[in-house]
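See below for the structure under consideration.
The values are calculated or read from the model by the stated rules, or taken from the named source; none is laboratory data. Keep in mind that what you see is a predicted model, and the values were worked out from it rather than measured. Positions of Cβ are backbone-derived with ideal geometry, glycine not excepted, and every protein chain shown enters the neighbour counts.
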Amino acid sequence: MKTILKLTRYGAMNAVRSRWILGYTAFFFLTTEGLMRFGSDSGRTVVSLLNIVLLLIPLVSIVIGTMTVYMNRDFTELLLSQPIERGSLFAGQYLGLALPLVAAFVLGVGVPLLARAGEDGANIGVIVMLLATGKVLTLIFTALAMVVATRFDDRAFGLGAALLLWLMAAVVYDGLMLAMIWLLRDYPLEMPVLAMSIFNPIDLARTLVMLKFDVAALMGYTGAVFEKFFGTALGMSLAASALVFWLCLPFWAGKIVFEKKDF
Amino acid sequence: MIELRNITKRFGAHTVLNGLNLRFDAGSITAVLGPNGSGKTTLMKTILGLVRPDKGEVLFAGENVVGTSEYRKGVGYMPQIARFQDNLTARELVQMIRDVRENPSATREDELCERFHLTEHLDKPLHTLSGGTRQKVNAVLAFMFQPPILMLDEPTAGLDPISASSFKDVILSERNEGRTIVLTSHIMSEVQELADTIVFLLEGRVVFHGAATELLGRTGEKTLERAIARLLQESSSQRENTMRDNVIQETAQ
Amino acid sequence: MHFSRHTAPTLLLLALAYATAFAKTHEISPSAKGGVIARAIASASTGDTLRLRAGVYKEHDIVVGKPLHILAARGDELRVIIDAELRGSSMVFVRANGVTMRGLALRNVPISYMNDNAAIRVEGAQNGVFENLRIDNALFGIYLATSANCRIAGNVLRATKGNESSSGNGIHLWKCDNITVEGNDVQGHRDGIYLEFNRRALVRRNTSQGNMRYGLHFMFSDSCAYESNTFRQNGSGVAVMYSRFVRMTGNKFEQNWGAAAYGVLFKDITDSYMAENRFFKNTTGLYAEGVNRTIIERNEFVNNGWAMKIFGSATDNIVRFNNIIGNSFDVATNSFDNENQFIHNYWSRYEGYDLDRNGIGDVPFHPVRLFSVLVEQQQSSLVLMHSLLVTMLDVAERVIPSLTPETLVDAAPMMKRIDIVPEKLFITKQNHQP
């Protein structure tokens, strides 16, 4: 555990000094500031931010994650030759990669949002939910990046796989969902749609924020079902479990691959 | 002392190490030689635990260490490619390795830095350093804990002649202090200068294992370079013979 | 000399005072015996004034069968409390023309599932004036049936919330003609203001909010107008149905947010006019079903779920010069054919350009998103709102329209937000004022 924290610390130190993470933070900060400053009201800002968060965080996390793992490959070998358990090394590298990304997001988005939260009477619940889901999505997609980059030695192939994964989660899955909704449009679909949206972390994150954002009323009966479901302790804990599952599964898979791998 | 017993490693259909049995003694420098793809790097990585053998044991002080990590406290490794987390400074990197090895008492760092003229570069981010300088950082990392075993992969590659020769002095003095040193190199003069023992690998098998002088004697050549070339020639004609024999046998049947 | 110079006018004044004194003024105080008001009414003559002193009068089923003025004594306004103690049926029955009630506080009219118990129930009366009353916890507040030329103004009505079936309407007009409802404040009733079978009613400057069903419920009432009212946070918003020649101007429809809520529901409305209203944060701003020959202009639709839903046979309507800003969906429809005219509106979603700089976009705007068509088919697809896929579909649809009605188009959208008599509209960011 101590070793993990040490590795995390140096990994984070390295990441924090890199140009891309500064750029990533600056991008979030400027976008949020821009939206707050020029947007008509904070509600619209949060919706625009939601789009950015749901789109960009998974993409940036998985791409930067994959590339960083490849770039650090030689250094990983150096560390592997040190008296460190492979599991600890994996965990340390994961955290050293993911935590700076989380911090970049929280600083870039959270600071300008929370700084104005009081004055505009904005919905704190939405902001908190947006920040929470943004963090979890970063953690999930960084873990996926670790799996991909550990599993595939060919960089081009690995990067392609990472992009494909993102595309699946961000677009293709929704496409399948929409196709299902369209084909079965004459049937009550609240529960199947609910189930499907829990199973994709991006959809789940969006649903959780949207419900906080009183969009539920737009959804009529569907919204009522969703609100009722996520309003209960069971629903909330199911949603949380789904996110934790999505966090643990790639981490666990990545760790297994990493532990068995020949470098 | 390290001992390999019946080490076999396959990558897919390709057998990289084929039942290797080797011993590396304390107080000696062993050079592992062989053409590209002969298994040198895999051998080193197997000892370091970067590659898991399919079969066989790696004995370290008499104990099989395959799949463990503690024994690496006694191993210093100098990889061929010196790439690090580039935004750290050399000093931070040294501190990091010291932290994870939980060995804060390593004291040779200053001496080594001075010896390699690294002191002035210690506080620069690693990505600003030249390849040679980084290689020196690599050397410091491998040597600073005074481990009983040193694994050096092409240690002088990228070093200027002055640094290289001063580095070779360090290696020799380490040997004299009783450490087990395993190295690979493409520079035969360097091998001749440093190595007490030579392991020659070909297609995952040990073709020659013995003193450098023995190799010269056996091949009747004056330099190691020629001796190695001879060895390669012999083994390739041997292989042709074997193949021819097989063909004859098959046609005879 | 001085005295005689003033004598003539003084005499004149005295004569006048004497003449009006034929209509007497009775001062009334609460009494432990009860029935004080009923007895005072019985003993008063036509045109008399009853002035009630401050205090609690525990009475109900008071019948006003002759023209009387029932007022609070001077300085005792709203301190005259008539308490029905949840007994009897209606508190006051008005069955005569020319009755005035002013400055009284009426409370506790019992719930009945059989009778429409009201604080003031007016039947077949003309020229009534009901002003500055405060009505608390009544089933119905002021209930007018088959009456005409009355004025209901400046009243405050508060009902403690029961449920929809156990509560009544605040101001209820049934089969009336020429009633003015002005400056009232209604909260917590079933419908805040209810009109059925009325002619020439004028409803203005009222605030109707937090009512269980509709802020304004308006049916079979031709040639009526409602203007400058505020309808806020009512269960379902405002419903205007089965009427012609309705004029709706300067109202605010705000925060009617819920699964089946809208700013205004139009059903079978013909030849009407809606202008300078503001729809803010409603699930659906304007929900129109069977609307014909109606002009909708210079309204603002801001931050609604849907700015407009236009369903059924809506033809020959004109939607122009409206500001449609920041709504999740601008227009939804269930029909491929569109026989309405959308023109010169400002759409915040519009991304066209204006090369000739005449303030009108050179590219037409299609306000129906592909996604809203999908949503009309199956509501569950709303889960995908704000997803990348849906954004992509909308962009694709904009480039190659296939599923959205092609004729529902604003051929000449405005480039800038239209200036609509600002003082009538809401100032959104009040906290930004110095």
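So that you can scan it fast, the table gives a plain yes or no per residue for (1) of a type outside the set (Asp, Glu); (2) under 25 Å from residue A:83 (Cβ atoms):
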| position | (1), (2) |
| --- | --- |
| B:110 | no, yes |
| B:125 | yes, no |
| B:140 | yes, yes |
| B:148 | yes, yes |
| B:157 | yes, no |
| B:173 | yes, yes |
| B:187 | yes, no |
> Pick from the stretch C:379-415 the residues that are part of a loop (DSSP other than H, G, I, E, B) and within 14 Å of chain A (Cβ to nearest Cβ): which of them is farthest from the chain's Cα centre (by Cα)?
Replying inline: C:402
> Which of the residues spanning the stretch B:92-125 are in a helix (DSSP H, G or I), charged (D, E, K, R) and either surrounded by 15 or more Cβ atoms within 10 Å (Cβ to Cβ) or in contact with a Leu (Cβ under 8 Å, 6 or more places away or on another chain) (or both)?
Replying inline: B:92, B:98, B:99, B:109, B:115
> Since residue A:95 meets every condition but one in (1) buried (at least 20 other Cβ atoms within 10 Å of the Cβ); (2) within 13 Å of chain B (Cβ to nearest Cβ), which condition does it not meet?
Replying inline: (2)
> List, please: which pairs have Cβ atoms under 8 Å, are six or more places apart or on different chains, and start with a residue in the stretch A:127-155 that is more than 16 Å from residue A:245 (Cα to Cα) and end with one that is of a type in the set (D, E, K, R) and surrounded by fewer than 24 Cβ atoms within 10 Å (Cβ to Cβ)?
Replying inline: A:129/A:212; A:150/A:261
>> Residues to consider are A:21, A:57, A:4; find the one that is away from every other protein chain (no Cβ under 11 Å) and either modelled with pLDDT of 85 or more or touching a strand residue (DSSP E or B) at 6+ places or on another chain (Cβ under 8 Å) (or both).
In response: A:57
> Condition test on residue C:115, is it surrounded by fewer than 24 Cβ atoms within 10 Å (Cβ to Cβ) and either modelled with pLDDT of 95 or more or part of a loop (DSSP other than H, G, I, E, B) (or both)?
Replying inline: yes
> Within the stretch C:52-102, which residues are in contact with a His (Cβ under 6 Å, 6 or more places away or on another chain) and within 21 Å of residue C:31 (Cβ to Cβ)?
Replying inline: C:84, C:87, C:88, C:91
> When residue A:151 is evaluated against the numbered criteria (1) more than 19 Å from residue A:51 (Cα to Cα); (2) more than 13 Å from every other protein chain (Cβ to nearest Cβ); (3) surrounded by 19 or more Cβ atoms within 10 Å (Cβ to Cβ); (4) over 13 Å from the mean Cα position of the chain (by Cα), which criterion, by number, is the only one it fails?
Replying inline: (3)
> Can you tell which of B:65, B:137 is surrounded by 15 or more Cβ atoms within 10 Å (Cβ to Cβ), β-branched (Val, Ile, Thr) and out of contact with any Gly (no Cβ under 8 Å at 6 or more places or on another chain)?
Replying inline: B:137
> Out of the residues in the stretch C:234-250 that are out of contact with any Leu (no Cβ under 7 Å at 6 or more places or on another chain), crowded, with 19+ Cβ neighbours inside 10 Å and closer than 22 Å to residue C:166 by Cβ, which is modelled with the highest pLDDT?
Replying inline: C:234
> Which of (1) surrounded by fewer than 21 Cβ atoms within 10 Å (Cβ to Cβ); (2) more than 8 Å from chain A (Cβ to nearest Cβ) does residue B:83 not meet, given it meets every other one?
Replying inline: (2)
> Just for the stretch C:118-129: of the residues that are in a strand (DSSP E or B) and touching a Lys or Arg at 6+ places or on another chain (Cβ under 7 Å), which one is farthest from residue C:76 (Cα to Cα)?
Replying inline: C:123
>> Here is a check on your reading of the model: is residue A:227 of a type outside the set (S, T, N, Q), in contact (Cβ under 8 Å) with a residue 60 or more places away in the chain and more than 9 Å from chain C (Cβ to nearest Cβ)?
In response: no
> surrounded by 24 or more Cβ atoms within 10 Å (Cβ to Cβ) and more than 14 Å from every other protein chain (Cβ to nearest Cβ), is that true of residue A:138?
Replying inline: yes
>> Take residue A:175 and tell me if it is over 14 Å from the mean Cα position of the chain (by Cα), farther than 21 Å from residue A:63 by Cα and away from chain C (no Cβ under 14 Å).
In response: no
> How many residues are out of contact with any Ser or Thr (no Cβ under 9 Å at 6 or more places or on another chain), within 14 Å of chain A (Cβ to nearest Cβ) and surrounded by 18 or more Cβ atoms within 10 Å (Cβ to Cβ) when one looks only at the stretch C:332-346?
Replying inline: 1
> Mind checking whether some residue in the stretch A:43-52 is farther than 30 Å from residue B:69 by Cβ, basic (Lys, Arg) and within 14 Å of chain B (Cβ to nearest Cβ)?
Replying inline: no
>> Could you list, ordered by first residue, the pairs with Cβ atoms under 8 Å in which the first is in the stretch B:182-199 and among the aromatic types (Phe, Trp, Tyr) and the second is modelled with pLDDT of 90 or more and surrounded by fewer than 23 Cβ atoms within 10 Å (Cβ to Cβ), at least 6 apart or interchain?
In response: none
>> Can you find a residue that is under 18 Å from residue C:172 (Cβ atoms) and surrounded by 16 or more Cβ atoms within 10 Å (Cβ to Cβ) anywhere in the stretch C:73-89?
In response: yes
> Among the residues of the stretch C:367-378, is any under 23 Å from residue C:318 (Cα atoms), away from chain A (no Cβ under 14 Å), within 39 Å of the chain's Cα centre (by Cα) and touching a residue at least 24 places away in the same chain (Cβ under 8 Å)?
Replying inline: yes
> Of all residues in the stretch B:1-48 being in a loop (DSSP other than H, G, I, E, B) and within 19 Å of residue B:235 (Cα to Cα), which is nearest to the other protein chains (Cβ to nearest Cβ)?
Replying inline: B:39
> Does at least one position in the stretch B:103-120 carry a residue that is more than 12 Å from every other protein chain (Cβ to nearest Cβ), in contact with a strand residue (DSSP E or B) (Cβ under 8 Å, 6 or more places away or on another chain) and among the basic types (Lys, Arg)?
Replying inline: no
>> Of everything in the stretch B:10-38, what is among the aliphatic types (A, V, I, L, M) and closer than 20 Å to residue B:55 by Cβ? Give them in sequence order.
In response: B:13, B:16, B:17, B:20, B:22, B:32
>> Let me spell it out: the conditions are (1) within 13 Å of another protein chain (Cβ to nearest Cβ); (2) part of a loop (DSSP other than H, G, I, E, B); (3) buried (at least 22 other Cβ atoms within 10 Å of the Cβ), and residue C:349 meets all of them except one. Which number is the exception?
In response: (3)
> So which residues in the stretch B:49-91 are within 22 Å of residue A:9 (Cβ to Cβ), aromatic (Phe, Trp, Tyr) and outside any loop (DSSP other than H, G, I, E, B), if there are any at all?
Replying inline: none
>> Looking at C:301, C:280, C:329, C:311 in this structure, which one is surrounded by fewer than 20 Cβ atoms within 10 Å (Cβ to Cβ), touching a strand residue (DSSP E or B) at 6+ places or on another chain (Cβ under 9 Å) and not hydroxyl-bearing (Ser, Thr, Tyr)?
In response: C:311
